[in-house]
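For reference, the structure is listed below as structure tokens.
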Amino acid sequence: SKDSTVRHCAAIFLGDRYRNPEAMVINGPVHKPNSPPPQFPIPTQVIPHLAEHLKSDPDVLVRMCTVFALCDLRYRTNTTPILLTGLDDKDKIVRIRTCTALIGIPHDYTEPLQTRVIPTLIDCLNPNGEVEQIWQAAYCAEQLGTNGTAVIPALRTLLTHDSPKVRDYAGRALLRIKPATKE
């Protein structure tokens with residue numbers, strides 16, 4: 001569709017349609033009572049179309065919703081290689097959301113953390129970036145838990161940031177990554 005709202009809603013719908021049925025959903029789409037069940041196997045055009053939208057859609061919200069959809073679809077098929085393209089997005093928030101999705105995958109599947117996640121996250125923790133992006137990157141880093149030792153130096157530099165929000169999220173992340181640290 002030429003309408004970006006239709007495209008981002010379609011991505012949300014696809015992710016919800018094929019997600020883990022046992023997963024908790026907060027504020028998910030409302031299902032109509034006469035909605036048909038999902039098709040199995042997943043229609044062959046779904047993944048390639050989502051991959052293309054993640055790579056080249058001009059609308060940041062569509063790309064972000066595509067990341068979420070691909071993360072949900074991971075329950076049915078391995079979308080990790082496609083998600084990795086989100087780490088190259090021109091928008092930092094899309095890169096941060098991609099990091100979040102890729103951090104969650106090892107928690108749910110027998111798959112290691114992708115090696116590109118940590119360097120991408122460190123780049124997003126740059127103290128000279130936009131406050132909104134920095135605190136969200138710090139929140140994402142917190143999700144790494146003890147796997148996040150490589151981001152500790154970047155988080156420590158944020159403890160003196162001008163923004164109290166950035167300082168708070170950096171401190172929380174440090175406590176979660178290295179619980180013995182009293183920062």
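At-a-glance table
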| item | result |
| --- | --- |
| Filtered residues of region 85-122 (kept if free of Cβ contacts under 8 Å to residues at least 24 places away in the same chain and open to solvent by 60 Å² or more (accessible area, probe 1.4 Å)) | Asp88, Lys90, His107, Thr110, Pro112, Thr115, Pro119 |
| Of all residues in region 1-47 being assigned to a helix (DSSP H, G or I) and small (Gly, Ala, Ser), the one that is surrounded by the fewest Cβ atoms within 10 Å (Cβ to Cβ) | Ser4 |
| Hits in region 133-177 (condition: part of a loop (DSSP other than H, G, I, E, B), farther than 16 Å from Cys99 by Cα and either in contact with a Leu (Cβ under 9 Å, 6 or more places away or on another chain) or open to solvent by less than 90 Å² (accessible area, probe 1.4 Å) (or both)) | His161, Ser163 |
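The values are calculated or read from the model by the stated rules, or taken from the named source; none is laboratory data. On a predicted model such as this, the values are computed, not experimentally measured, just so you know. Because the Cβ atoms are built from the backbone with ideal geometry, glycine has one as well, and the counts that use them run over all protein chains shown. Surface accessibility is based on the protein's heavy atoms, side chains included, excluding ligands, DNA and RNA. Shrake-Rupley method; radii C 1.70, N 1.55, O 1.52, S 1.80 Å.
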